[in-house]
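A quick write-up on the structure given underneath.
The numbers here are math on the coordinates, done by the rules we state, and not lab data. Just so we're clear, the structure is a prediction, and the values are computed from it rather than from any experiment. Every residue, glycine among them, receives a Cβ derived from its backbone with ideal geometry; neighbour counts consider all protein chains shown.
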Amino acid sequence: MRFWETGFDGAWLFEPIPIWDERGFFSRVFCAHEFCERGLETYFVQHSVSYSRIRGTLRGMHLQRKPHAETKVVSCRRGAIWDVIIDLRKDSPTLGQWKAFGLTAENQHHLYIPKGFAHGFQSLSDDVEVGYLISAFYNRQASAGFRYDDPAFGIAWPLVVTAVSERDHTWPDFSVTLCE
């Protein structure tokens, strides 16, 4: 696997290195040894998939509060997404900053998102499928989020939002209490 730093301590972009032959290819999308070498989480309790039918669908911004905070590894298995993370770690020099990454089925990039980040994405094509490795079980009471268009962050989404859940549309404005 090939890893790139993202500018956020602990968050990584990586891509599997395929081994090709006449049948196609084989590649590792997770390796505990390579994750451990970088001090990354290696214990994941859930593998989830989301499907977005239409281009412009927006999901986010989501997180789970402590003690149920989660590390995620996100990949786009079909189509293309514009994946956004926001650093909400109180002691981080990049607190409140966001970055976006293009994840596609073609580039096979994965985004490692450590605990303390909010996460969301917008589908850049129809029929998008996103896979998630998640380090903690979902806990409804710890589930939190804020609106994708919250002025506290000014995220510049690349497309007009065509679909968003009622929950994502009605999250409150960001609050520092989410960082706790």
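Of all aspartates and glutamates in the structure, the ones whose alpha carbon falls short of 14 Å from that of K72, not counting any fewer than 8 places away in one chain, are E41, D83, D87. The trypsin sites (Lys or Arg not before Pro) of the range 53-128 that DSSP puts in a loop, and whose beta carbon has at most 12 other beta carbons within 10 Å, are R53, K90. Test of understanding: in a Gaussian network model of the chain with alpha carbons linked when under 10 Å, which of D83, D168, D91 would top the mean-square fluctuation ranking? Taking springs between Cα atoms under 10 Å, the residue moving most is D91.
With all distinct Cα pairs included, what does the Kirkwood hydrodynamic radius of the range 81-149 come out to in Å, to one decimal, could you say?
One over the average 1/r among Cα pairs gives 13.6 Å for the range 81-149.
Projecting the alpha carbon convex hull of the range 2-179 along each direction and taking the average yields 10.5 nm².
For the range 1-88, GluC sites (Glu not before Pro) are listed when DSSP marks them as loop and at most 11 other Cβ atoms sit within 10 Å of their Cβ; the list is E22.
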